[in-house]
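The values are calculated or read from the model by the stated rules, or taken from the named source; none is laboratory data. It should be emphasised that the depicted structure is a prediction, and the values quoted were computed from it without experimental measurement. Here the Cβ is made from the backbone with ideal geometry for all residues, glycine too, and neighbour counts use every protein chain on show.
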Amino acid sequence: HSKPRVLSGIQPTGGSYHLGNYLGAVRNWVGMQETHDAFYCVVDLHAITAGHDPKLLRERTRVSVAQLLAVGLDPARCTVFVQSHVPEHAQLGWVMSCITGFGEASRMTQFKDKSSKQGAERSSVGLFTYPILQAADILLYQADSVPVGEDQRQHLELTRDLAQRFNTLFGKTFTLPQPHIVKETAKILDLQDPSAKMSKSASTTNGLIELLEPAAKIAKKIKSAVTDTGRDIVFDPEAKAGVSNLLTIYSALSGRPIAELVEAYAGKGYGDLKKDLAEVVVEFVTPFQQRTQEYLDDPAQLDKLLVIGAEKARTVSVRTLATVYDKIGF
Ligand code: ADP
Ligand code: NA
């Protein structure tokens, strides 16, 4: 492949993606279609590690794919697929789990975080080995780089360690992927609690902008966002996290630099900023929601795109797995 190859996955959690998922992750994927040989995967195998409803999962996987297409991923310019449609993920996952130390896997902090509610004892082994499957996801495509947020850095380190170990044990097989750390500006905060990142797992959804929720509801959430004391619109993420977050979102969606926005709102109040931002967000989500619905209204076409995506993914994954099986004596 002449362009660098990139692999990125996203869970089908919740059905609708939120503004943080979009600005922090998915939006960058659209740009990388041009510069990279890009593989984008809805990771349904990862979505069953903590209990799930089959009917909901099936539905959410499709809604996820529809949203990815709606933001501009073009199956002619990148490979979009569902993880479970490509059996080599699970197959390579097993092989990689056999060269991972139990202690090494135990040091993954995300398991500690995610299992803390129910306790490690009652968590699934799948949740524990999740980073190993994630390593297989990446290595299967011989990805040169992986766009990751700070929270995924440790998992990418594990991926590199496992690739290196396999290469040493059985001969050069895997490309060592480089982390492609996404720009800091992309961290979107909860509108009601700007000390936390916007997240699906927040205790209330008042500070969460879901891309598929009704536009009027989104506008209302923005207008009731928590702001800071004082009334000046300045960009100061430390002292004025709430207002700064609104400016970050505004700038990211409108393309106007933050400095320009600050200047434009000099002498105006938080209410003016929120009202305008609500419009900007609604202008973005309205056509997005229409496009998503169009994909969902044509299930035969969506199925067809997914079959094509899985076939494209398998032209690479089948070869990698065949090499791996050969090297390890299968
Ligand atoms: P959530 O926290 O809602 O469960 P995930 O952890 O599933 O979201 O994240 C999916 C992708 O979206 C990841 O690449 C993650 O880095 C990105 N992401 C999630 N929340 C945010 C946020 N608030 N700001 C920026 N990026 C985010
Ligand atoms: Na994540």
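Under the condition of being of a type in the set (A, V, I, L, M, F, W, C) and more than 15 Å from ligand 2 (Cβ to nearest atom), the residues counted in segment 1-29 number 2. Of all residues in segment 308-323, which are exposed (fewer than 12 other Cβ atoms within 10 Å of the Cβ) and in contact with a strand residue (DSSP E or B) (Cβ under 6 Å, 6 or more places away or on another chain)? Result: no residue meets the conditions.
Every residue, every condition in (1) touching a helix residue (DSSP H, G or I) at 6+ places or on another chain (Cβ under 7 Å); (2) crowded, with 18+ Cβ neighbours inside 10 Å; (3) closer than 30 Å to ALA143 by Cα; (4) in contact (Cβ under 8 Å) with a residue 12 or more places away in the chain, yes or no:
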residue: THR227; (1), (2), (3), (4): yes, yes, no, yes
residue: ILE233; (1), (2), (3), (4): yes, yes, no, yes
residue: LEU247; (1), (2), (3), (4): yes, yes, no, yes
residue: PRO257; (1), (2), (3), (4): yes, no, no, no
residue: VAL282; (1), (2), (3), (4): yes, no, no, yes
residue: LEU306; (1), (2), (3), (4): yes, yes, yes, yes
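For segment 3-36, taking the residues that are more than 15 Å from ligand 1 (Cβ to nearest atom) and in contact with an Asp or Glu (Cβ under 9 Å, 6 or more places away or on another chain), the one that is nearest to ALA313 (Cα to Cα) is identified as ARG5. When segment 153-178 is filtered for residues that are within 16 Å of ligand 2 (Cβ to nearest atom) and free of Cβ contacts under 8 Å to residues at least 24 places away in the same chain, the ones remaining, listed by number, are LEU156, GLU157. The condition (being within 16 Å of ligand 1 (Cβ to nearest atom), part of a helix (DSSP H, G or I) and out of contact with any Phe, Trp or Tyr (no Cβ under 7 Å at 6 or more places or on another chain)) is satisfied by just one residue among LEU127, LEU162, LEU156: LEU156. Hey, can you tell me all the residues within segment 99-111 that are at pLDDT 85 or above, surrounded by 12 or more Cβ atoms within 10 Å (Cβ to Cβ) and in a helix (DSSP H, G or I)? Passing the criteria: GLU104, ALA105, PHE111. The residue list GLU210, GLU238, GLU157, GLU150 contains one member that is closer than 27 Å to ASP113 by Cβ and buried (at least 18 other Cβ atoms within 10 Å of the Cβ), which is GLU210.
Among the residues of segment 78-88, are any among the small types (Gly, Ala, Ser) and closer than 17 Å to THR292 by Cα? No, segment 78-88 contains no residue that is among the small types (Gly, Ala, Ser) and closer than 17 Å to THR292 by Cα. Which one is modelled with the lowest pLDDT among residues in segment 183-220 that are of a type in the set (Val, Ile, Thr) and part of a loop (DSSP other than H, G, I, E, B)? Here the answer is THR204.
For THR13, the test of being β-branched (Val, Ile, Thr), within 14 Å of the chain's Cα centre (by Cα) and within 29 Å of SER251 (Cα to Cα) is passed.
Residue pairs, Cβ under 6 Å, 6 or more apart or interchain, first in segment 100-112 and without any contact (Cβ under 8 Å) to a residue 24 or more places away in the chain, second more than 15 Å from ligand 1 (Cβ to nearest atom). List them. Pairs found: PHE111/PHE128.
Against the conditions (1) under 15 Å from the mean Cα position of the chain (by Cα); (2) part of a loop (DSSP other than H, G, I, E, B), ASP137 satisfies every one except (2). Within segment 221-259, if we keep just the residues that are β-branched (Val, Ile, Thr) and part of a helix (DSSP H, G or I), the residue that is nearest to GLU210 (Cα to Cα) turns out to be ILE222.
Considering every residue within segment 173-194, establish whether at least one is touching a strand residue (DSSP E or B) at 6+ places or on another chain (Cβ under 8 Å), among the hydrophobic types (A, V, I, L, M, F, W, C) and farther than 28 Å from HIS52 by Cα. For segment 173-194, residues touching a strand residue (DSSP E or B) at 6+ places or on another chain (Cβ under 8 Å), among the hydrophobic types (A, V, I, L, M, F, W, C) and farther than 28 Å from HIS52 by Cα: present.
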